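Below is one structure, written out as structure tokens; comments come after it.
Every read-out reported here was derived from the displayed coordinates using simple, explicitly stated rules and does not represent laboratory data. As the structure is a prediction and not an experimental result, all values here were calculated from the model. Because the Cβ atoms are built from the backbone with ideal geometry, glycine has one as well, and the counts that use them run over all protein chains shown.
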Amino acid sequence: MNRRHTVILAAILVLAGTSLFLYKARTLGLPLDAAQETEVWTMEAHVSFHRDSVGAAKAHLRIPENPFGYRIANENFVSRGYGLTVDERASGRQALWAVRKVAGEQSLYYRLSVYADPTRTGSLPKPTFPKVPELEEPYYSAMMDLTSHVREQSADILTFTSALLRRLNDPTPEENVSLLRDGARTPMQRTKLAVTLLAGARIPAEIVQCVQLGEDRRMAEVLPILAVHNGNDWIYFDPQTGELGFPPNLFPWVWGSKPLIDVTGGRGDMVEFSVVRSLQPTMEIAQERAASLGSKIPEFSLLALPLRTQSVYGVIVMIPLGALLVVLLRNFIGIRTVGTFMPVLIAIAFRETQLLGGLLFFTLIIVAGLGIRAYLEHLRLLLVPRLASVLTVVVILMTLVSIASHRMGVDTGLSVALFPMVILTMMIERMSVTWEELGAKDAITEGMGTMMTAVLIYLVMGVDVVRHVMFVFPELLLLILAATLLAGRYTGFRLTEYRRFKAMAADQ
Amino acid sequence: MSLLPDLKSPGVMGINSRNGNYIMRYNPRRLFPLVDDKLISKDLAVKNGLPVPELYGVIRMLHDIRKFDQIVEGKEDFVLKPVHGSGGNGIMVIGGRSRDRYRTTSGKIVTRDEMAHHMENTLGGQFSLGGQPDQVLVEYRVKFDPIFDHVSYLGVPDIRIIVFKGVPVMSMIRLPTRSSDGKANLHMGGVGAGIDMRTGITTNAVVGTSPMQEHPDTGSPVVGLKIPHWDVMLEIASRCYEITGLGYLGVDLVLDAALGPLILEMNARPGLNIQIANAAGLLPRLHFLEALELDGMSVPDRIALGKEATNRDPREITRMAVA
């Protein structure tokens, strides 16, 4: 009954901890590695036009809304005297700059930072089947002729589109193609033609206007990508090469073939894109993203605490991990330690002294402390005054070691000043009691067990990933709790018992 | 799994199993003081007519140390014990005195001052669990039955009986050696000899974990020894369950030459070495008893059941099958 209760409780804890962890890691993208960096693309759209006489001007810029494969880290507008509204309509987002009185050369900027996120699939909804476009003759016949040829040579929408693009891009085109291709010179016009022809075959198709990403591009090109709906998903083709798949170095700016800008009250309007690639700590990006998603998690995380408190919690959240290790070492392996959680405290102390220095220093003080305690035993002091005397002597010893090591140019001793000396005194007292009651062998065994356990805990606590993960995902404490609960129901043998009872083992 | 020795089939009980499956299940926490506090358990035993060494007096605080002379007046020998001590720690056995000097049974001379210091330390909690302030009890020194003279080196041999819900299930006699400093503590190098529950005869003996036949100091055989008053001891052990209510209990008895078996102390967390001394695991016997309804059973029935449980040892089963 108790066992089932424990298992159910542990399962609930694991479930809660894991789901929160997964939510934070997957959805919010909090990284498992503190040093992890994300490639961030910062794109700038520079809208420029000229207004000859003083008067009103208006500029529309189509801007990304849910770019698939990417996530927007942040965006901003440089409007200089213009009123800005961001218009979210079914056909996509638009930035609208407007001014009542202006003249001369005008420059407006829209800056956008994005990073790749393969989980994002912000495509358009499933389209309806297009009508066959009503073209003039002879284009209509050419279209129907071409599509029926292509249909004969293809099996489905995918192969149909490939075959069509292959013919459209043929350097020595057949008659129909050259007729249709005649008016379409730019990649955009060619892609529009492909959409029209696909509509001739009643295949829904759309254009995605994409910005070309690169290391550092002053003048990034805007390229059209052909998106074809196969009934389930959008599939993408490079209209110029006919290659299937969305090219990795393109950023899907907007859907549709409508021009990116629309200026009224000006002339010579154009939009230019520049792209800069940078690396930013994943941690920061994730937090920004969480905030932009409206998640309350960042506000309730340890990262929201003042820095000084954070560093304390960085240690505190590691303590249960150390305690779990103690549980494993004691109840599963059977290592004996002085005090139950003494090794955890010592491991924390090691963080300040460094391992080797701390180990050396610790051993030195304990040996000296035990000696002094043995001597005080002769004076027949009462228990509490004796403890206090040991404490005082330990402080004196520590002071001496610190001063001596500083004189020798070793700095380990100095940081030891923060060493939790109460722990040292308690350890000395407990070890000496064990020494008296059970003998030197037991006292030394326990002392060594404590040190070994402390070193192990220190090493585990020192792993950067562990520290980072425990701090960023403190919900993992629930998992540790679950593991501890389950360990608490372990009634099997400890590893050391196999040696203790070896004489009793059955012949195998 | 085959890398590790097979402790499962002999039914060895490990610490985790003892703590999780027996102590936690059968020993309610609130009953622990009944055995952890030797004054309470002594009182409990006396009230229920169970034999214990006579209490001479209690030193409850530093101030009481001056009463010490009054307590031991006219007593040639006595024992000092911490009320909350465990594992035989802090016990001082005085075998004789001459004016201000006392002689322990191990031959050490202790001055009045040294003895006062020992009492001060005990009161301060040196020998109690967790360093809690403690008390000192002064009691009758057991004149142990000479029958054990040839198998013990100084000190008092004692008999440990494990009692499960009133059924004595396993037992051993602990014999002091030179290396255990006269203490009957296996951990310190004492000899442990398993006792057959059915006959009261020792069957197997160990020092530490190594089997042996003779006492390391006296050279006398320790196997095949007949424990006198065996059935009385089993009865006392069984009744200890009734007075404490602890379902998994260790009862330590000594055999006084004149008074017979006396309860030395009881233990709510009895150790596991008894299995090594018996070369038998506790689990087969306990599993056998756990399947039975023991409540409301009489003491003689329980004792009979304890003897019966011995037959549950895998080795016994094999032997009976061969026969």
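In whole Hz and in residue order, list the ³J(HN,Hα) couplings for the stretch A:7-17 that follow from phi through the Karplus curve 6.51 cos²θ - 1.76 cosθ + 1.60, θ = phi - 60°; x for Gly and Pro.
5, 5, 4, 4, 5, 4, 4, 4, 4, 4, x
To the nearest 10 degrees, how steeply does helix A:421-438 sit against the main Cα axis of chain A, on a 0 to 90 scale?
50
What does the C-alpha gyration tensor say about the overall shape of the stretch B:256-296? Classify as rounded when a/c is under 1.5, otherwise prolate if a/b is larger than b/c, or oblate.
In terms of gyration-tensor shape, oblate.
Which FRET efficiency value, to the nearest 0.05, do you get for residue A:148 and residue A:235 by plugging their Cβ-Cβ distance into 1/(1 + (r/R0)^6) with R0 = 25 Å? Walk me through the numbers on the way to the answer.
Details: r = 22 Å, r/R0 = 0.88.
Computed FRET efficiency for residue A:148 and residue A:235 comes out at 0.70.
Distance in nm between label sites at residue A:440 and residue A:182, each 7 Å beyond Cα in the beta-carbon direction?
Between residue A:440 and residue A:182, the label points sit 11.0 nm apart.
Any lysines with Cα under 23 Å of the residue B:307 Cα? List them, leaving off those in the same chain fewer than 8 positions away.
B:8, B:165, B:226
Working from Cα positions, state the angle (0 to 90°, nearest 10) between the long axis of helix A:307-316 and the longest principal axis of chain A.
60
Can you check what the net charge comes to around residue B:135, using other residues whose Cβ is under 14 Å from the Cβ of residue B:135 (Lys, Arg +1; Asp, Glu -1)? Could the numbers behind the result be given before it?
Values: positive: B:38, B:42, B:60, B:67, B:81; negative: B:36, B:37, B:43, B:64, B:120, B:134, B:139.
Here the count lands on -2.
For the pair residue A:216 and residue A:332, what calculated FRET efficiency results from E = 1/(1 + (r/R0)^6), where r is the Cβ-Cβ distance and R0 = 51 Å, to the nearest 0.05? Don't jump to the answer; show the numbers that get you there.
On the way: r = 56 Å, r/R0 = 1.10.
Between residue A:332 and residue A:216 the formula returns 0.35.
Give the long-range amide H neighbours of residue A:65: residues separated by 5 or more places, or on another chain, with amide H under 5 Å away, using H modelled in the peptide plane at 1.01 Å from N.
For residue A:65, whose amide H was placed from the backbone, the distant partners under 5 Å are A:93.
Near residue B:14, within a Cβ-to-Cβ distance under 11 Å, what is the net charge of the other residues, with Lys and Arg +1 and Asp and Glu -1?
Net of charged neighbours comes to +3.
With unit charges on the beta carbon (Lys/Arg positive, Asp/Glu negative), name the residue among B:71, B:84, B:53 whose Cα is farthest towards the positive pole of the charge dipole of the stretch B:46-85.
Of B:71, B:84, B:53, it is B:84.
Using a Cα-Cα cut-off of under 26 Å, which lysines could be cross-linked to residue A:24, ignoring same-chain neighbours fewer than 8 residues away?
Hits, sequence-local ones excluded: A:296.
In sequence order, what are the phi-derived ³J(HN,Hα) couplings for the stretch B:66-79 according to the Karplus relation 6.51 cos²θ - 1.76 cosθ + 1.60 with θ = phi - 60°, rounded to whole Hz, with x for glycine and proline?
Whole-Hz 3J(HN,Hα) from phi for the stretch B:66-79: 5, 6, 3, 4, 5, 4, 8, 4, x, 9, 6, 9, 6, 10.
Lys/Arg Cβ at +1, Asp/Glu Cβ at -1, dipole of chain A taken about the Cα centre: which of A:360, A:96, A:139 is farthest positive-ward?
A:360
Once amide H atoms are built 1.01 Å from N in the peptide plane, which residues 5 or more positions from residue A:338, or in another chain, come under 5 Å H to H?
When sequence neighbours closer than 5 places are left aside, the close amide H contacts are A:450.
Nearest 10 degrees is fine. How inclined is helix A:476-488 to the longest principal axis of chain A, computing both from alpha carbons?
40
With θ set to phi - 60° and the Karplus curve 6.51 cos²θ - 1.76 cosθ + 1.60, what are the ³J(HN,Hα) couplings of the stretch A:450-463 in order, to the nearest whole Hz, using x for Gly and Pro?
Taking θ as phi minus 60°, the curve returns 4, 4, 4, 4, 4, 4, 4, 4, 4, 5, 5, 5, x, 5 Hz for the stretch A:450-463.
About the Cα centre, and with charges only on the beta carbon of Lys, Arg (+1) and Asp, Glu (-1), how big is the dipole of chain A? Nearest 20 debye, please. Each step should come with its number before you reach the end.
Values: 48 positive and 46 negative charges, 373 e Å.
My answer is approximately 1800 debye.
Nothing charged except the Cβ atoms of Lys and Arg (+1) and of Asp and Glu (-1): what's the magnitude of the dipole of the stretch A:250-373 about its Cα centre? Round to the nearest 20 debye.
Details: 10 positive and 7 negative charges, 127 e Å.
Result for the stretch A:250-373 is approximately 600 debye, rounded to the nearest 20.
Rounded to the nearest 500, what is the 222 nm mean residue ellipticity of chain A from helices alone, with -39500 (n - 2.57) per DSSP H run of 4+ residues and division by all residues? Intermediate results must be reported in sequence, preceding the final value.
Details: 17 runs with 233 residues, N = 508.
Mean residue ellipticity at 222 nm (helix-derived): -14500 deg cm²/dmol.
Could you work out the local net charge near residue A:89, counting Lys and Arg as +1, Asp and Glu as -1, over the other residues with Cβ closer than 13 Å to its Cβ? Provide the component values of the computation, followed by the final result.
Details: positive: A:62, A:93, A:258; negative: A:65, A:87, A:88.
Summing Lys/Arg as +1 and Asp/Glu as -1 gives 0.
If I stretch the segment between residue B:320 and residue B:301 completely, what's the gain in nm (0.36 nm per residue apart, minus their alpha carbon distance), one decimal? Please list the in-between numbers first.
Working: separation 19, 0.36 × 19 = 6.84 nm, distance 2.30 nm.
In short, 4.5 nm is gained.
Sort largest first and round to whole Å: the equivalent ellipsoid semi-axes of chain B, each the square root of five times a Cα gyration tensor eigenvalue. Walk me through the intermediate numbers first.
Numbers: eigenvalues 232, 98, 66 Å².
Here the semi-axes work out to 34, 22, 18 Å.
Just check the stretch A:218-279 against the gyration tensor rule for me: Cα atoms, a ≥ b ≥ c as the square roots of the eigenvalues, rounded for a/c under 1.5, and otherwise prolate or oblate depending on whether a/b exceeds b/c.
Details: a/c = 2.54, a/b = 1.48, b/c = 1.72.
Cα axes put the stretch A:218-279 in the oblate bin.
Decide, for the protein assembly as shown, between rounded, prolate and oblate: order the square roots of the alpha carbon gyration tensor eigenvalues as a ≥ b ≥ c, take rounded if a/c falls under 1.5, and otherwise choose prolate if a/b is larger than b/c, else oblate. Intermediate results must be reported in sequence, preceding the final value.
Numbers: a/c = 4.22, a/b = 2.53, b/c = 1.67.
It is prolate, given that a/c is not under 1.5 and a/b is the larger ratio.
Could you name the lysines in cross-link range of residue A:258, using Cα to Cα under 29 Å and dropping any fewer than eight places away on the same chain?
A:58, A:101, A:126, A:131, A:192
Output the DSSP H helices from chain B with an along-axis C-alpha extent of no less than 15 Å and a mean Kyte-Doolittle hydropathy no less than 0.0.
Values: long enough: B:112-124 (18 Å, -1.28); B:230-244 (22 Å, 0.30); B:299-310 (17 Å, -0.17).
Span-like helices, by this rule, are B:230-244.
About the Cα centre, and with charges only on the beta carbon of Lys, Arg (+1) and Asp, Glu (-1), how big is the dipole of the stretch B:143-242? Nearest 20 debye, please.
Its charge dipole is roughly 180 debye.
I'd like to know which of A:275, A:460, A:341 lies farthest towards the positive end of the charge dipole of chain A, counting +1 on Cβ of Lys and Arg and -1 on Cβ of Asp and Glu.
Of the candidates, A:341 comes out farthest on the positive side.
Just the number: Rg to Rh for the stretch A:190-314, Cα atoms, Kirkwood Rh, two decimals.
Rg/Rh: 1.16.
Would you calculate, for chain B, the mean residue ellipticity at 222 nm contributed by helices, counting each DSSP H stretch of 4 or more residues as -39,500 (n - 2.57) and dividing by all residues, to the nearest 500? Mind showing how you got there, number by number?
Details: 9 runs with 82 residues, N = 323.
Computed ellipticity for chain B at 222 nm equals -7000 deg cm²/dmol.
List the residues, sorted by chain then number, that are 5 or more residues from residue B:222 or on another chain and whose placed amide H is less than 5 Å from its amide H.
Residues meeting the amide H criterion: B:214, B:215.
State which stretch of chain B is the longest one without any exposed GluC sites (Glu not before Pro), exposure meaning a DSSP loop state and at most 16 other Cβ atoms within 10 Å.
Values: sites that count: B:54, B:73, B:76, B:293.
Here the longest run is B:77-292.
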